[in-house]
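The values are calculated or read from the model by the stated rules, or taken from the named source; none is laboratory data. Predicted, not measured: the structure shown is a model, and the values here were computed from it. Positions of Cβ are backbone-derived with ideal geometry, glycine not excepted, and every protein chain shown enters the neighbour counts. Each accessible area value is taken on the protein alone, full model and side chains, heavy atoms only, with ligands, DNA and RNA left out. Shrake-Rupley method; radii C 1.70, N 1.55, O 1.52, S 1.80 Å.
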Amino acid sequence: MQSILIMASLRRGFMLSTCRKASNMVARPDKCALKAVLIDLSGTLHIEDTAVPGAQEALKKLRKASVAVKFVTNTTKESKRSLLERLQRLNFDVQEKEIFTSLSAARSLIEQKNHRPLLLVEDSALEDFNGIDTSQPNAVVIGLAPEHFNYQTLNKAFRMILDGAPLIAIHKARYYKRKDGLALGPGPFVTGLEYATDQKASVVGKPEKTFFIQALSDLGCSPSEAVMIGDDARDDVGGAQNAGMLGILVRSGKYREGDENKISPPPHLTCDSFPDAVEHILQNLL
């Protein structure tokens, strides 16, 4: 009798655990085999010069699976080369060709439109715009540039937009995570210029659908065959799901309690960290 009671108790515990997990997961809406995983960087794999615990090993496990991996980021604080060097110092197995940044997307738009931009980005990111003519600027391109977000520079941008220059936002993130806490992203500054000039910015980074489509373009798969992992409910997960992908939200980086309830549809899964997201993919999506 005692053994029967123990078995019943264990079975009840397993059922409760399964229900708790299932309540946090949205069913996969299609039957397409997963072919690609897009991974956010800052807040998902690392925070500044500190890796998320277990992230390097989880990435190695993911690479052993039959899926393509690409890293997609809105980071505008540094060039792709600087970002790659940071990741390699943290012992992440990443190649430059696997990184797709919002700076890359912005450059493509600038070249397509023949703009001469006023570049409001950090000096460390300027090398990604080498060769772009910035003399007599006729467009305002704004990313995260704490050293340049002063009255004089923003007022110059304001006047240019009033005179007809297009406003291009590399992204509009509200905030991001630093070691010392959350910090303002470029979104509030872009919104301020929009408000002052009564003009709407063109956004090129996440959560724009075109950004995710571009990121997948050389991987040979459709959005329905891909999943995005990130710490930003709106820009990473919401943007990816609006593009037709699955989205997994991790509770690291900029995540705040209840973020998963701020988007519709909700994330396919909300889990504690990147290693948990990888484990879910390996066990349930492949």
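Figures for the structure shown
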quantity: FRET E, pair residue 133, residue 33, Förster distance 51 Å, beta-carbon r, rounded to 0.05; calculated: 0.70
quantity: Cα centroid separation - the range 105-130 against the range 250-274, whole Å; calculated: 31 Å
quantity: Residue range of the chain that is longest and free of GluC sites (Glu not before Pro) which are both DSSP loop and sparsely packed (at most 14 other C-beta within 10 Å); calculated: 148-256
quantity: All-pairs Cα distance distribution in the chain, expressed in whole percent, bin size 5 Å; calculated: 1, 5, 12, 16, 17, 15, 12, 8, 5, 3, 2, 1, 1, 1, 0, 0, 0, 0
quantity: Residue-averaged 222 nm ellipticity for the chain, from DSSP H runs of 4+ at -39500 (n - 2.57), nearest 500; calculated: -10000 deg cm²/dmol
quantity: Share antiparallel - DSSP beta bridges, the chain, percent rounded to 5; calculated: 20 percent
quantity: Cα radius of gyration and Dmax for the range 65-143 (Å); calculated: 14.1, 50
quantity: Spatial extent of the range 110-236: Rg and Dmax, with the Cα atoms as the point set, Å; calculated: 15.7, 47
quantity: Over the range 202-261 - Rg/Rh using Cα atoms and the Kirkwood inverse-distance radius; calculated: 0.99
quantity: FRET efficiency for residue 124 and residue 93, using Cβ-Cβ distance with R0 set to 30 Å, rounded to 0.05; calculated: 0.80
quantity: Environment charge at residue 236 (Cβ cut-off 9 Å; Lys +1, Arg +1, Asp -1, Glu -1); calculated: -2
quantity: Pairs from 70/200; 97/206; 64/254 whose Cα-Cα separation, in the structure shown, is over 22 Å; calculated: 70/200; 64/254
quantity: Accessible carbon and sulfur surface of the chain relative to its total accessible area, %, 1.4 Å; calculated: 51 percent
